[in-house]
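Single-structure report; data block below.
The values are calculated or read from the model by the stated rules, or taken from the named source; none is laboratory data. Everything numeric here is computed off the predicted structure, so don't read it as measured data. Glycine gets a Cβ as well: all are built from the backbone with ideal geometry, and neighbour counts include every protein chain shown. All accessible areas refer to the heavy atoms of the entire protein, side chains included, with ligands and DNA or RNA removed. Shrake-Rupley method; radii C 1.70, N 1.55, O 1.52, S 1.80 Å.
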Amino acid sequence: MNAEPLRTEIESALPPEQLEAFTEKLVTALKSVFDPEIPVDIYELGLIYKVDVADNWNVIVDMTLTAPGCPVAGEMPGMVKSALEGVEGIGEVTVNMTFDPPWTPERMSEEAKLELNMF
């Protein structure tokens with residue numbers, strides 16, 4: 001699990017158990033996307049800053065990259081959007097790229113640190 005769990009900031013009228021099950025599906029989809037230069041998924045790397053789920057199941061993701069000059073900067077939002085669009089019941093998906101705050105290795109999960117021998 002990420003050092004910081006997914007945060008949702010939009011107040012939801014969705015039943016908590018439905019939102020929790022949907023969130024699990026979102027995390028699974030996010031874990032299917034890898035930075036091509038690093039053998040760890042973007043979720044465990046801590047590149048996902050926030051996921052908002054609206055009452056109509058539309059999803060907004062705020063994410064970053066390990067560095068602003070990352071070679072896949074132009075492709076990564078599309079990869080994330082495509083992965084999330086495969087989640088059953090999802091509405092419109094919007095992926096926002098941000099570099100504030102900048103990503104640091106402290107955002108990685110224990111699993112990612114183990115995979116990259118960063119202990």
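Just a few scattered comments:
- Selection over the range 39-67 of residues that are buried (at least 16 other Cβ atoms within 10 Å of the Cβ), of a type in the set (A, V, I, L, M, F, W, C) and over 23 Å from GLY89 (Cα atoms) gives a count of 4.
- Of the helices (runs of 4 or more DSSP H) lying entirely inside the range 8-99, those containing at least 1 residues that are out of contact with any His (no Cβ under 8 Å at 6 or more places or on another chain) and farther than 21 Å from LYS113 by Cβ span 16-30, 76-85.
- Pick from the range 3-38, criterion touching a Gly at 6+ places or on another chain (Cβ under 9 Å), of a type outside the set (S, T, N, Q) and modelled with pLDDT of 95 or more, ranking: most open to solvent (accessible area, probe 1.4 Å): LYS25
- Flag for THR64 being of a type in the set (Val, Ile, Thr), free of Cβ contacts under 8 Å to residues at least 24 places away in the same chain and out of contact with any helix residue (DSSP H, G or I) (no Cβ under 8 Å at 6 or more places or on another chain): no
- Boolean, ASP35 is touching a strand residue (DSSP E or B) at 6+ places or on another chain (Cβ under 7 Å) and closer than 15 Å to TRP103 by Cα: no
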